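The values are calculated or read from the model by the stated rules, or taken from the named source; none is laboratory data. The structure presented is a predicted model; accordingly, all values stated were derived computationally and were not measured. Ideal geometry is used to build each Cβ from the backbone, glycine not excepted, and the neighbour counts take in all protein chains shown. Note: areas computed on protein heavy atoms with side chains; ligands, DNA, RNA excluded. Shrake-Rupley method; radii C 1.70, N 1.55, O 1.52, S 1.80 Å.
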Amino acid sequence: MTVKREVHGGYSSVLPKSRIVGPKICFVCGNFRKMYDLKVAIWLLRRVRVSPVNFGPSQRCLGTAHSAENGSQHAESKQAAATSSGKEKLIKVAMIGMPNAGKSTLINRLIDQRVCPVSAKVHTTRRVSKAIHSRSNSQAVLFDTPGLVGNREIKKHQLDAHFVSACRHAIQHSSLIGVVHDVSNSWTRHALNPVLLRVLEEYSHLPSFLILNKIDTLKSKRILLDIVKNLTCNRVESIRDYVPVRRRNKLAPLAGQEKQAQEPASSSSEAPVQQAEGWPHFTEIFMVSALTGDGLRDVMSFVHGNAKLQPWEHMADEHTDQSPEQLITQSVRARLLDFMPQEIPYLLQTELEFYEVVGGRVLTSVVVTCPSERIARLVCGESNGKLRQINEQVTSDLIETFGMPVLLTITTLVRSKESKA
């Protein structure tokens, strides 16, 4: 007998029909019972379905529905923007950086929409996606890219070729590069990663700007001046008469030997280290906190200020190029990364089982495939408590994304031996 674990949130107990034949256990009531077919519930709810004519742009799934009505609304919105503010302007920005630098969180805050899944673990973003911000006659398209990695990281996390080439693909379709740098990491904040420097050198013909993220984690903001000087190879003209605080090295000589050791060391190591650690061609530098929102307005003003005369590519009320199905599965995967320890969440596969917008609310079901029964028990937790928490967090994220009530069902499924073979 095959048992399928299900957890559902919201205010209804309607569950989708499963692909697995056999009795099921509902962990909400704890009893064996026959699950009703979701098609019957949809047939009942369609009797009070909101008509497409009255379905406002703010309630659509982020403008990702592809229909003839959306096409006409696209033309009307573009005409309205052009007539009210003059000619249209467009700017495309590739937001790049190392893993876990806060690119997705920063983009969500910049456009004030939750369109990029975020988590505390690395490699949450697997593919390039667009975040769209429109105001007046200017439209900014921000590319959310996976973190740049080296060969060692590629082998460790078994990343595919598309993941590695995603950043360069976004840059090739952009006219501006935004480098997001994490200043909270004391080991890496004083230098740009060699992988990132190689990308900047490869696309040196494109203008780039630097964003120092997570400045809220610094106890003393004075250290930012040291960081800026290192990351720009001391090319910041606005910083004058500044003497950086020297950090003591663990292997530094004693006080009596310092004078003898300083002269040869300073002449041989200072210049090449600066060239290898930074990029001297940044056009602008911003110090921001995606968590608190400090400095974000200046970033968007700079981005829109670089927009060129070009027709818009998206609707004025459209915020992403991702489909609702993609947003749902990525949100579930992001929360699994937060709740599951170590490498376990990277072994899980999320797949959308059902999606429908009925009566002004989203009905959806996601299947989480686990490689073994042991990992499935870890995902569900004791008395299915962890899966409930994941369901609640994802539901909250999706309500913020879609702007309407969401009924989510998360199901765990153990990969069979036949599928492994």
Exercise. Modelled label-to-label distance, M404 and N185, 7 Å Cα→beta-carbon offset: nm?
Worked result: 4.0
Exercise. What FRET efficiency comes out for the pair D112/Q389, r = Cβ-Cβ distance, R0 = 22 Å, nearest 0.05?
Worked result: 0.25
Problem set entry | Cross-link pairs K89/K156; K92/K386; K103/K156; K87/K214; K155/K386; K130/K155 - those with Cα-Cα distance over 32 Å | K89/K156; K92/K386; K87/K214
For this session: Determine which residues of the range 93-117 fall in the zone a paramagnetic label at V164 would reach in this model, i.e. backbone nitrogen under 14 Å from the point 7 Å along Cα→Cβ.
Result: none
For this session: Give, in nm to one decimal, the length gained when the segment between L206 and L291 is fully stretched (0.36 nm per residue of separation minus the Cα-Cα distance).
Result: 27.7 nm
Problem set entry | Solvent-accessible area, 1.4 Å probe, carbon plus sulfur percent, for the range 343-421 | 48
Seminar exercise, completed: Rounded to the nearest 0.05, FRET efficiency between K87 and L347 (Cβ-Cβ, R0 51 Å) equals 0.50
For this session: Taking only protein heavy atoms into account and a 1.4 Å probe, give the accessible area per residue of the range 161-220 in Å².
Result: 46
Seminar exercise, completed: Here, H173 and L197, labelled 7 Å along Cα→Cβ, have an inter-label distance in nm of 3.0
